[in-house]
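Worksheet: the structure to be examined is printed underneath.
The values are calculated or read from the model by the stated rules, or taken from the named source; none is laboratory data. Keep in mind that this is a model prediction, so the values were computed, not measured. Cβ placement follows ideal geometry from the backbone for every residue including glycine, while neighbour counts extend to all protein chains displayed.
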Amino acid sequence: MAAFTSRLFNIFTRGINLRKYCTNAPVEFSPLMVQNVLELLNLKDNDTVLDMTFGDGLHTEAILKSNESVKVIALDRDPFAIEKAEALALKYPGRVQPLLGRFSDLPALLPPIGIKRNTLDAVMFDLGCSSIQLNDASRGFSPEVDGPLDMRMDGPLASSSITAYDILTKADEQDLGRILKTYGSEENSKKLARSLIACRYTLEGLASTGQLKEFLKGIFEEKSGRVIKNVFYALRTFVNNEFNELNFAILFAQGYLKEGGRMVSLTFNQLEDTIVKRHITGNVLENSPNPMPFLYYSQTFKLSQEEMDALRRSVWTPLSKHVITPVDQYKSTNHRIRNAKLRGAVRL
Ligand SMILES: C[S@@+](CC[C@H](N)C(=O)[O-])C[C@H]1O[C@@H](n2cnc3c(N)ncnc32)[C@H](O)[C@@H]1O
């Protein structure tokens, strides 16, 4: 299980303990906070936008409709999403370039289509699962539809990478506990890891999302809703290496946006938002967000002015003073939307 531990995102093993939310949620059929997203993108004629999380293509289509000369590069790691992007490319000839791959594949994917560093006008990402992924029981993302414990966003392409089932059946107790705590902010992580390991030997084991959900219900009873969200979120983000991917996406945007280009991000969990916020407002150590808020950087020694300046340095200017959240009307209807956090920043 050393391989699992080595995947733990180093910033989150240094003691961060923030609250948790999960994006395994009811599916919405309109692009989330689309007006705010378009305002922050502030697209001009002939701009090229990279939508890093094409998903169901709803944001991409809204962008295409907002200005008929804008072009979109549509990236997704999920081949089923890219099938949709190919259909959209036919509907909007010459304006959509589908790209199959992860954020971390972008440096290899862009040169062949003629995109160089410092040339993009805007990038956006809308994290979490698409409705294609959530609604397909065989993908194993949702506790609401029973299916195998898979959770790989790359789908069939990822045949050699680990699944949620691998983690639940092979990780040792300590690693499992760390994954649940670090990735899901689950406060009962130790107890839960012990129960999940015991379940391997005493019961038939857990093979499906429905079995995992029932197992957690049996242990946590009325508190199980929160635990189910945390466990599914922890497994999904670990399987897909999502925090490292997000960190990479922001560093990538830094290098590929032109001066004055815009980055717009939609996140649904405090851990994700913290990564984005610390990049934008400046609290980054060795290309990773500092796990501690700037104010509490160290209780034991005082930083020199030079060290403080280095931590505060940012290549971004935020587009709004505070994070943008959905208006109340939306908050009550869908908990994915309720927890949405929108940020925009200009590349200096
Ligand atoms: C919430 S959905 C995006 C929905 C989209 N904005 C829309 O309007 O339909 C997120 C998508 O991002 C993709 N994704 C997540 N992490 C990724 C990564 N590291 N690289 C590429 N795609 C990723 C997922 O496969 C999923 O399809």
Kindly check whether there is at least one residue in region 248-266 that is within 16 Å of ASN339 (Cα to Cα), assigned to a helix (DSSP H, G or I) and not charged (D, E, K, R). no
Among residues of region 101-127 being farther than 17 Å from PHE248 by Cβ and either touching a strand residue (DSSP E or B) at 6+ places or on another chain (Cβ under 7 Å) or modelled with pLDDT under 95 (or both), the residue farthest from the ligand (Cβ to nearest atom) is ASN118
Among the residues of region 220-273, write down those that are of a type in the set (Asp, Glu) and farther than 23 Å from ASN188 by Cβ. GLU245, GLU259, ASP273
Within region 26-37, of all residues that are part of a loop (DSSP other than H, G, I, E, B) and more than 10 Å from the ligand (Cβ to nearest atom), the one modelled with the highest pLDDT is MET33
Give the residues of region 38-58 that are touching an Asp or Glu at 6+ places or on another chain (Cβ under 8 Å), outside any strand (DSSP E or B) and away from the ligand (no atom under 12 Å from the Cβ), sorted by residue number. LEU43, LYS44, ASP47
Report whether or not GLU61 is in contact with a Pro (Cβ under 9 Å, 6 or more places away or on another chain), without any contact (Cβ under 8 Å) to a residue 40 or more places away in the chain and either within 24 Å of THR267 (Cα to Cα) or part of a strand (DSSP E or B) (or both). yes
Taking the options GLY255, GLY260, name whichever one is more than 10 Å from the ligand (Cβ to nearest atom), at positive phi and either at pLDDT 95 or above or surrounded by 24 or more Cβ atoms within 10 Å (Cβ to Cβ) (or both). GLY260
Residues of region 137-151 being assigned to a loop (DSSP other than H, G, I, E, B) and under 17 Å from ALA234 (Cα atoms), in sequence order, are GLY140, PHE141, SER142, PRO143, GLU144, LEU149, ASP150, MET151
Hey, ILE132 hits all of (1) assigned to a loop (DSSP other than H, G, I, E, B); (2) modelled with pLDDT under 95; (3) within 8 Å of the ligand (Cβ to nearest atom) but one; which does it fall short on? (1)
Out of all the residues in region 278-287, which are modelled with pLDDT of 85 or more and either more than 13 Å from ARG313 (Cα to Cα) or of a type outside the set (D, E, K, R) (or both)? HIS279, ILE280, THR281, GLY282
Hey, among the residues in region 90-108 that are assigned to a helix (DSSP H, G or I) and crowded, with 18+ Cβ neighbours inside 10 Å, which one's nearest to the chain's Cα centre (by Cα)? PHE103
Checking the structure you have, find out if any residue of region 197-215 is crowded, with 16+ Cβ neighbours inside 10 Å, over 24 Å from the mean Cα position of the chain (by Cα), in a loop (DSSP other than H, G, I, E, B) and of a type in the set (A, V, I, L, M). yes
